[in-house]
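Below you'll find the structure, written out as structure tokens, and then a few comments.
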Amino acid sequence: MQHNVYLYILGMWLISYLIRVLPLTLIRRQITNRTIRSFLYYVPYVTLAVMTFPAILSATQSPVSGALALAAGLVLAWLGGSLFQVSVACCAVVFVAELAMRL
Amino acid sequence: MVTDRKQWFFKGIKAGIPIMLGYFAVSIALGISARNAGMTAPQATIASALIMASAGQYIGFTLIAAGASYLEVVVMEAIANARYLLMSCALSQKVDSDLPLRHRLLMGLWITDEIFGVSVSVEGRLNPWYNYGMAAVATPGWALGTLAGVVLGNVLPARVVSALSVGLFGMFMSIFVPPARKNRVIAALVVVSFAASYAFNAVAWFDGISSGMKIIILTVVISLGAALLFPVEEDAHAA
């Protein structure tokens, strides 16, 4: 059977949208359970940390430049760098590092 | 109220610019994978504009190339994107309880790792117009980067793509590091998350688990452990 690519895309979009929209529309009030509240409070930090490491090491051409970007980003963010500054600094560190490594 | 909306929308656009740049870079690779899967430029661009999910789309394209059934593609998409379910739960607590349904339906369209990360870092309640502002610039970045990937292929120097692709991680760090500086529990959680994520990816036994699933398992286990050991004070959640 010949598949239609647009039907695949529609299916992918629909399931992704349902996943994204259901909790937001169904949970209409503030949750009072302390454990659930605490869980949801910690979720963003944990999930962003999990997504950052070790993935950043394999995003670049060399794990070394990825590690340097990680170190630079952590230090700059700790010192109060803005979202934009930290983001651009990480890119710059990788660019310069890979230039130096002749990659 | 109207000026409030406008203000948040433009704030969102400003916050969305680094997201757009990062998306453009990352989605070039996605466009290349779409081309390899035999998809046309319009197909890949439409998929990106609608779905806005890196790992999810990558898996989807791979399955499309393999001629998988519609059901298989939908099931894999659900697994790869299930973390958005958690993010949506967290956002439901971040918005005003009175937020009308239409805003909830709209906001749901653009729950991505980055837009979510930036929107939860707002002080106090989240205004949906902040998300719309971010989406207004981030979505074109993602879609056009994909298009560039399909059309240009490997024309861009690898070093440029490599440098741009860490921009998104920089964004993540700027979101979780400042609270970690103020709160020791969050600082410890970041360290634990890094270590656990590294271990999970290093141990060959877990190779069969998709990267999206790994993120969910780690997020649920670590956050739940923290919630049980260090429950937050009543008003800490609103901050």
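Since every read-out is calculated from the coordinates, none of them should be taken as a lab result. Everything numeric here is computed off the predicted structure, so don't read it as measured data. Glycine gets a Cβ as well: all are built from the backbone with ideal geometry, and neighbour counts include every protein chain shown.
Within chain A, what's the longest stretch lacking trypsin sites (Lys or Arg not before Pro) that sit in DSSP loops with no more than 11 other Cβ atoms inside 10 Å?
Working: sites that count: A:29, A:102.
That gives A:30-101 as the longest site-free run.
Rounded, prolate or oblate for the protein assembly as shown? Axes are the square roots of the Cα gyration tensor eigenvalues, ordered a ≥ b ≥ c, and the cut-off for rounded is a/c under 1.5.
On the way: a/c = 1.39, a/b = 1.15, b/c = 1.21.
Cα axes put the protein assembly as shown in the rounded bin.
³J(HN,Hα) across region B:181-191 via Karplus (A = 6.51, B = -1.76, C = 1.60, θ = phi - 60°), whole Hz, x for Gly/Pro?
5, 7, 10, 5, 5, 5, 4, 5, 5, 5, 4
Divide by every residue of the protein assembly as shown the summed helix terms, -39500 (n - 2.57) for each DSSP H run of at least 4, and state the resulting mean residue ellipticity at 222 nm, rounded to the nearest 500 deg cm²/dmol.
Details: 17 runs with 266 residues, N = 342.
Rounded to the nearest 500, the figure is -25500 deg cm²/dmol.
Among the lysines, select those whose C-alpha is under 16 Å from the C-alpha of residue B:6, and discard any that sit fewer than 8 residues away in the same chain.
B:14
Give me the net charge of residue B:169's neighbourhood, meaning all other residues with Cβ under 14 Å from the Cβ of residue B:169; Lys, Arg count +1, Asp, Glu -1.
Working: positive: none; negative: B:113, B:114.
Overall, the nearby charge balance is -2.
In a Gaussian network model over chain B where Cα atoms closer than 10 Å are linked, find which of B:42, B:179, B:157 has the largest mean-square fluctuation.
Of B:42, B:179, B:157, the Gaussian network model singles out B:157 as fluctuating most.
How charged is the neighbourhood of residue B:159? Take every other residue with its Cβ under 13 Å from the Cβ of residue B:159, and add Lys/Arg as +1 and Asp/Glu as -1. Don't skip to the answer; put the middle values down first.
On the way: positive: A:102; negative: A:98.
With Lys, Arg at +1 and Asp, Glu at -1, the neighbours total 0.
Just grab the label-to-label distance for residue A:58 and residue A:102, each label 7 Å out from Cα along the Cβ direction, in nm (one decimal).
It works out to 2.9 nm between the two label points.
With the radius of gyration and the Kirkwood radius both derived from the Cα set of region B:2-163, what is their ratio Rg to Rh? Intermediate results must be reported in sequence, preceding the final value.
Details: Rg = 16.6 Å, Rh = 16.5 Å.
In region B:2-163, Rg relative to Rh is 1.01.
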